[in-house]
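This report refers to the structure that appears directly beneath it.
The values are calculated or read from the model by the stated rules, or taken from the named source; none is laboratory data. In this text the structure is predicted, and so the values were computed from the model without any measurement. Cβ: placed from backbone, ideal geometry, glycine included. Neighbour counts: every protein chain shown. SASA here: full protein model, heavy atoms, side chains in, ligands and nucleic acids out. Shrake-Rupley method; radii C 1.70, N 1.55, O 1.52, S 1.80 Å.
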Amino acid sequence: MTYDAIVLAGGSAQRLGGADKPGLSVGGRALLDRVLDACADAAVTVVVGGRRATARPVAWAREDPPGAGPLAALDAGLRQCTAELVLVLSADLPFLGPDTVRALLAAPGRAHEGALLRDPAGRDQPLVAAYRAEPLRRELALLATEHGNLTGLPLRALTAELDLTRIEAQPLASFDCDTWDDLAAARARIREHGNVLDEWITAVKNELGIDLTVDTKTLLDLARDAAHGVARPAAPLTTFLVGYAAAQAQAAGADPADAVARASEQAAALALRWAAETGPGEGPVSG
């Protein structure tokens, strides 16, 4: 499904004391980068706001005048889009994922002019939405004509004129960081036991600029076997060597995921053979 994405990264962040909200980090990654990750397959991504370093290339736009509000920002971003379908997101959604993006893009079809996410409290989220570009341009032009410009107009002035469907949000998909308490809650959430490893691996991959499916269970099993069968310090050293071997195999033309799996299997088998040689009264070195 071909689409363009507009990410609104301006605003005054008054409830954050004027902080640079898109640049605030959750799990070691800027909020803006987390949103950009959710729409990584967009044909064109336009960020409306001040230029900054981002984890992937984007186009930049700015509402005129700066601070003119969400409709003016949306109009500025839309001028750089050519796809028939446009995803519109705010830059403060730490838990938005590709699954929600795909659901939004699929929802409008030809029967509706767009689809909004509806949060668990039943509130529409017009900045977590997909719109057909032609009706969006039409209504923005009509509003600009009616009011003289788009400065200061609320989003509901636009959404009230469009035929929109709604999709129900997963519990965290619509969570946004408007206050310091929201930011603290988001940071605590990703450190919960069920989330922390996935979040950490994603953060590391983004930091290192690699795109690889990580078989977490295989690597953890390998680390366990090395620690128990050889010595505790062998765990991180072995996983490092597996990564190095996989990189060499990839350079020689191997599939990255297959290279990691094969190197992990070889190292795990070696650790088990090593452990099997432990004689009576012997054990792995504690390190």
### Task
Give me a count of the residues in the stretch 262-287 that are of a type in the set (A, V, I, L, M, F, W, C) and at pLDDT 85 or above.
7
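Table: residues versus (1) farther than 30 Å from Gly18 by Cα; (2) in contact with a Pro (Cβ under 9 Å, 6 or more places away or on another chain); (3) assigned to a loop (DSSP other than H, G, I, E, B).
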| position | (1), (2), (3) |
| --- | --- |
| Arg156 | no, yes, no |
| Thr165 | yes, yes, no |
| Pro171 | no, yes, yes |
| Ala188 | no, no, no |
| Trp200 | no, no, no |
| Ala203 | no, no, no |
| Leu212 | yes, yes, yes |
| Tyr244 | yes, no, no |
### Task
Collect the residues in the stretch 56-82 that are assigned to a helix (DSSP H, G or I) and free of Cβ contacts under 8 Å to residues at least 40 places away in the same chain, keeping them in residue-number order.
Ala76
### Output for the stretch 1-55, where each listed residue is over 26 Å from Ile210 (Cα atoms) and assigned to a strand (DSSP E or B)
Leu8, Val48
## Note on the structure
Taking the stretch 1-44 and the residues there that are open to solvent by 10 Å² or more (accessible area, probe 1.4 Å) and of a type in the set (Val, Ile, Thr), the one that is modelled with the highest pLDDT would be Val44
### Task
Could you please let me know if Arg156 is more than 23 Å from Ala261 (Cβ to Cβ), free of Cβ contacts under 8 Å to residues at least 60 places away in the same chain and in contact with a Leu (Cβ under 9 Å, 6 or more places away or on another chain)?
no
### Task
Name the residue, out of Arg56, Arg62, that is among the basic types (Lys, Arg) and over 30 Å from Val196 (Cβ atoms).
Arg62
### Task
Report yes if some residue within the stretch 94-109 is buried (at least 22 other Cβ atoms within 10 Å of the Cβ) and touching a Ser or Thr at 6+ places or on another chain (Cβ under 6 Å); otherwise report no.
no
### Query
Only one residue in Leu142, Leu158, Leu208, Leu220 is under 21 Å from Leu85 (Cβ atoms), open to solvent by 40 Å² or more (accessible area, probe 1.4 Å) and among the aliphatic types (A, V, I, L, M). Which one?
Leu142
#### Entry: Residue list for the stretch 242-261, filter: in contact with a helix residue (DSSP H, G or I) (Cβ under 7 Å, 6 or more places away or on another chain) and under 14 Å from Leu219 (Cβ atoms)
Val242, Ala245, Ala246, Pro256, Ala259, Val260, Ala261
